[in-house]
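Inspection log for the structure reproduced underneath, given as C-alpha coordinates.
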Amino acid sequence: MSTRIETLNPETTTGKSKELFDAVQSKLGFIPNLIKVFGNSPATLQSYLTLGELTASGNFTNKFREQLALAIAEENSCNYCLSAHTAIGKMNGLTDEQTELNRQGRSADAKVEAGLQLAQSITRNRGNISTEEIQAAKSAGYNDGDILEIVLNVVSNTLTNYVNHIADTEVDFPSVEAGKFTVNS
(Lines give C-alpha, C1' and ligand atoms only; values in the text may rest on other atoms or scores of the structure.)
Protein backbone atom coordinates (compact mmCIF):
# COMPACT_ATOMS: atom_id res chain seq x y z
CA MET A 1 0.00 0.00 0.00
CA SER A 2 1.53 3.32 -0.96
CA THR A 3 1.17 5.94 1.70
CA ARG A 4 3.74 8.46 2.85
CA ILE A 5 4.39 6.33 5.94
CA GLU A 6 4.40 2.60 5.44
CA THR A 7 1.19 0.68 6.06
CA LEU A 8 2.52 -2.47 7.72
CA ASN A 9 1.39 -5.94 6.72
CA PRO A 10 0.08 -7.69 9.85
CA GLU A 11 1.21 -11.05 8.40
CA THR A 12 4.88 -10.00 8.43
CA THR A 13 4.91 -7.62 11.41
CA THR A 14 6.71 -8.85 14.52
CA GLY A 15 7.38 -7.80 18.10
CA LYS A 16 5.26 -5.36 20.10
CA SER A 17 3.43 -4.07 17.02
CA LYS A 18 2.37 -7.64 16.16
CA GLU A 19 1.07 -8.13 19.73
CA LEU A 20 -0.93 -4.90 19.46
CA PHE A 21 -2.20 -5.81 15.97
CA ASP A 22 -3.40 -9.16 17.33
CA ALA A 23 -5.24 -7.39 20.17
CA VAL A 24 -6.96 -5.03 17.71
CA GLN A 25 -7.83 -7.96 15.41
CA SER A 26 -9.34 -9.80 18.36
CA LYS A 27 -11.39 -6.77 19.44
CA LEU A 28 -12.55 -5.43 16.04
CA GLY A 29 -12.30 -8.45 13.79
CA PHE A 30 -9.96 -6.57 11.43
CA ILE A 31 -7.01 -4.19 11.56
CA PRO A 32 -7.81 -0.73 10.14
CA ASN A 33 -5.16 0.89 7.96
CA LEU A 34 -4.61 3.60 10.60
CA ILE A 35 -3.49 0.91 13.07
CA LYS A 36 -1.18 -0.55 10.40
CA VAL A 37 0.41 2.91 10.02
CA PHE A 38 0.67 3.42 13.80
CA GLY A 39 2.44 0.05 14.00
CA ASN A 40 5.62 1.66 12.65
CA SER A 41 6.04 3.01 16.19
CA PRO A 42 4.89 0.58 18.87
CA ALA A 43 5.05 3.41 21.44
CA THR A 44 2.75 5.58 19.33
CA LEU A 45 0.36 2.70 18.67
CA GLN A 46 0.30 1.82 22.39
CA SER A 47 -0.33 5.49 23.24
CA TYR A 48 -3.23 5.67 20.79
CA LEU A 49 -4.80 2.47 22.14
CA THR A 50 -4.33 3.66 25.73
CA LEU A 51 -5.93 7.03 24.92
CA GLY A 52 -8.88 5.11 23.48
CA GLU A 53 -9.21 3.09 26.68
CA LEU A 54 -8.99 6.26 28.78
CA THR A 55 -11.65 8.12 26.80
CA ALA A 56 -13.88 5.04 27.00
CA SER A 57 -13.50 4.94 30.80
CA GLY A 58 -14.71 8.52 31.19
CA ASN A 59 -18.17 10.00 31.70
CA PHE A 60 -19.22 10.11 28.06
CA THR A 61 -21.21 7.50 26.14
CA ASN A 62 -19.80 5.79 23.06
CA LYS A 63 -22.33 7.74 21.00
CA PHE A 64 -21.19 11.14 22.33
CA ARG A 65 -17.52 10.23 21.86
CA GLU A 66 -18.33 9.40 18.23
CA GLN A 67 -20.13 12.72 17.88
CA LEU A 68 -17.05 14.49 19.26
CA ALA A 69 -14.79 12.50 16.90
CA LEU A 70 -16.91 13.59 13.92
CA ALA A 71 -16.83 17.26 14.95
CA ILE A 72 -13.08 17.18 15.55
CA ALA A 73 -12.32 15.29 12.32
CA GLU A 74 -14.38 17.80 10.34
CA GLU A 75 -12.55 20.70 12.01
CA ASN A 76 -9.22 19.05 11.11
CA SER A 77 -10.41 18.00 7.62
CA CYS A 78 -9.47 14.36 8.21
CA ASN A 79 -11.25 12.23 5.61
CA TYR A 80 -9.98 8.96 7.10
CA CYS A 81 -11.41 9.75 10.54
CA LEU A 82 -14.64 11.15 9.08
CA SER A 83 -15.07 7.89 7.17
CA ALA A 84 -14.22 5.68 10.16
CA HIS A 85 -16.33 7.60 12.68
CA THR A 86 -19.30 7.85 10.32
CA ALA A 87 -19.31 4.03 10.16
CA ILE A 88 -18.69 3.61 13.90
CA GLY A 89 -21.26 6.32 14.69
CA LYS A 90 -23.91 4.33 12.82
CA MET A 91 -23.05 1.33 14.99
CA ASN A 92 -23.68 3.60 17.99
CA GLY A 93 -27.08 4.81 16.82
CA LEU A 94 -26.28 7.95 14.82
CA THR A 95 -28.43 8.63 11.77
CA ASP A 96 -27.00 10.10 8.55
CA GLU A 97 -28.59 13.45 9.41
CA GLN A 98 -27.19 13.46 12.96
CA THR A 99 -23.75 12.55 11.62
CA GLU A 100 -23.70 15.45 9.19
CA LEU A 101 -25.03 17.92 11.76
CA ASN A 102 -22.49 16.71 14.33
CA ARG A 103 -19.68 17.26 11.82
CA GLN A 104 -20.88 20.87 11.63
CA GLY A 105 -20.92 21.21 15.42
CA ARG A 106 -24.71 20.97 15.50
CA SER A 107 -27.24 18.74 17.25
CA ALA A 108 -30.94 18.74 18.09
CA ASP A 109 -29.78 18.26 21.70
CA ALA A 110 -28.56 21.61 23.09
CA LYS A 111 -26.09 20.01 25.51
CA VAL A 112 -24.55 17.83 22.79
CA GLU A 113 -24.30 20.86 20.50
CA ALA A 114 -22.53 22.87 23.20
CA GLY A 115 -20.01 20.03 23.67
CA LEU A 116 -19.40 19.70 19.93
CA GLN A 117 -18.91 23.43 19.52
CA LEU A 118 -16.50 23.51 22.46
CA ALA A 119 -14.51 20.62 20.95
CA GLN A 120 -14.34 22.35 17.57
CA SER A 121 -13.25 25.63 19.15
CA ILE A 122 -10.56 23.88 21.21
CA THR A 123 -9.35 22.19 18.02
CA ARG A 124 -9.50 25.31 15.84
CA ASN A 125 -7.89 27.57 18.45
CA ARG A 126 -5.35 25.05 19.75
CA GLY A 127 -6.84 25.28 23.24
CA ASN A 128 -6.92 29.05 23.38
CA ILE A 129 -10.62 29.45 24.09
CA SER A 130 -12.48 32.23 25.87
CA THR A 131 -14.00 32.32 29.32
CA GLU A 132 -17.34 32.80 27.58
CA GLU A 133 -16.95 29.51 25.71
CA ILE A 134 -16.21 27.66 28.94
CA GLN A 135 -19.20 29.33 30.59
CA ALA A 136 -21.45 28.39 27.66
CA ALA A 137 -20.45 24.74 28.08
CA LYS A 138 -21.11 24.93 31.82
CA SER A 139 -24.47 26.59 31.21
CA ALA A 140 -25.36 23.69 28.90
CA GLY A 141 -24.67 21.22 31.72
CA TYR A 142 -20.98 20.36 31.52
CA ASN A 143 -18.84 20.47 34.66
CA ASP A 144 -15.10 21.03 34.93
CA GLY A 145 -14.38 17.29 34.65
CA ASP A 146 -16.52 17.05 31.51
CA ILE A 147 -14.66 19.96 29.93
CA LEU A 148 -11.37 18.20 30.62
CA GLU A 149 -12.76 15.00 29.07
CA ILE A 150 -13.69 16.98 25.97
CA VAL A 151 -10.05 18.11 25.86
CA LEU A 152 -8.95 14.46 26.21
CA ASN A 153 -11.17 13.54 23.26
CA VAL A 154 -9.73 16.43 21.24
CA VAL A 155 -6.19 15.22 21.99
CA SER A 156 -6.96 11.59 21.14
CA ASN A 157 -8.75 12.46 17.90
CA THR A 158 -6.23 15.08 16.85
CA LEU A 159 -3.48 12.46 17.15
CA THR A 160 -5.28 10.26 14.63
CA ASN A 161 -6.19 13.21 12.40
CA TYR A 162 -2.57 14.36 12.23
CA VAL A 163 -1.15 10.87 11.66
CA ASN A 164 -3.61 10.37 8.81
CA HIS A 165 -2.64 13.70 7.25
CA ILE A 166 1.06 12.93 7.53
CA ALA A 167 0.78 9.32 6.32
CA ASP A 168 -1.96 9.97 3.76
CA THR A 169 -3.57 6.80 5.11
CA GLU A 170 -5.66 4.89 2.59
CA VAL A 171 -9.32 4.99 3.67
CA ASP A 172 -10.66 1.50 4.34
CA PHE A 173 -14.20 2.54 5.36
CA PRO A 174 -16.99 3.94 3.15
CA SER A 175 -15.52 7.28 2.07
CA VAL A 176 -16.63 10.59 3.60
CA GLU A 177 -15.05 13.90 2.60
CA ALA A 178 -14.60 16.95 4.79
CA GLY A 179 -16.69 19.95 3.79
CA LYS A 180 -19.16 17.92 1.72
CA PHE A 181 -22.67 17.77 3.17
CA THR A 182 -26.16 16.83 2.08
CA VAL A 183 -27.63 18.25 5.32
CA ASN A 184 -26.80 21.81 6.27
CA SER A 185 -27.24 23.34 9.68
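The values are calculated or read from the model by the stated rules, or taken from the named source; none is laboratory data. Quick caveat: nothing in here was measured; it's all calculated off a predicted structure. Please note: Cβ atoms are built from the backbone with ideal geometry, for glycine as well, and neighbour counts cover all protein chains shown. Only protein heavy atoms, including side chains, enter the accessible area calculation; ligands, DNA and RNA are left aside. Shrake-Rupley method; radii C 1.70, N 1.55, O 1.52, S 1.80 Å.
In table form, for the structure just shown:
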quantity: Selection within the range 1-42 - in a helix (DSSP H, G or I) and of a type in the set (Gly, Ala, Ser); calculated: Gly15, Ser17, Ala23, Ser26
quantity: Qualifying residue in the range 165-175 (condition: more than 18 Å from the chain's Cα centre (by Cα) and open to solvent by less than 40 Å² (accessible area, probe 1.4 Å)); calculated: no
quantity: Test: residue in the range 139-157 that is under 21 Å from Thr7 (Cα atoms) and not charged (D, E, K, R); calculated: yes
quantity: Complete set of residues in the range 158-185 that are more than 13 Å from Ser83 (Cα to Cα) and part of a helix (DSSP H, G or I); calculated: Thr158, Leu159, Tyr162, Val163, His165, Ile166, Ala167
quantity: Residue list for the range 140-151, filter: of a type outside the set (Phe, Trp, Tyr) and either in a loop (DSSP other than H, G, I, E, B) or open to solvent by less than 50 Å² (accessible area, probe 1.4 Å) (or both); calculated: Ala140, Gly141, Asn143, Gly145, Asp146, Ile147, Glu149, Ile150
quantity: Residue list for the range 119-133, restricted to those being open to solvent by less than 80 Å² (accessible area, probe 1.4 Å) and in contact (Cβ under 8 Å) with a residue 40 or more places away in the chain; calculated: Ala119, Gln120, Thr123
quantity: Subset of the range 87-103 that is part of a helix (DSSP H, G or I) and of a type in the set (S, T, N, Q) - its residue that is most open to solvent (accessible area, probe 1.4 Å); calculated: Gln98
quantity: Candidate set from the range 13-29 (those that are surrounded by fewer than 19 Cβ atoms within 10 Å (Cβ to Cβ) and among the small types (Gly, Ala, Ser)); member that is farthest from the chain's Cα centre (by Cα); calculated: Gly15
quantity: Close pairs from the range 47-63: first of a type outside the set (Phe, Trp, Tyr), partner surrounded by 11 or more Cβ atoms within 10 Å (Cβ to Cβ) and not in a helix (DSSP H, G or I), Cβ under 6 Å, at least 6 apart; calculated: Asn62/Asn92; Lys63/Asn92; Lys63/Gly93
quantity: Test: residue in the range 51-63 that is of a type in the set (Asp, Glu), more than 19 Å from Gly179 (Cβ to Cβ) and buried (at least 16 other Cβ atoms within 10 Å of the Cβ); calculated: no
quantity: Residues satisfying the stated conditions in the range 104-130, i.e. in a helix (DSSP H, G or I) and within 15 Å of Val151 (Cβ to Cβ); calculated: Ala114, Gly115, Leu116, Gln117, Leu118, Ala119, Gln120, Ser121, Ile122, Thr123, Arg124
quantity: Residue identified as surrounded by 23 or more Cβ atoms within 10 Å (Cβ to Cβ) and not charged (D, E, K, R) among Ala136, Ala108, Ala84; calculated: Ala84
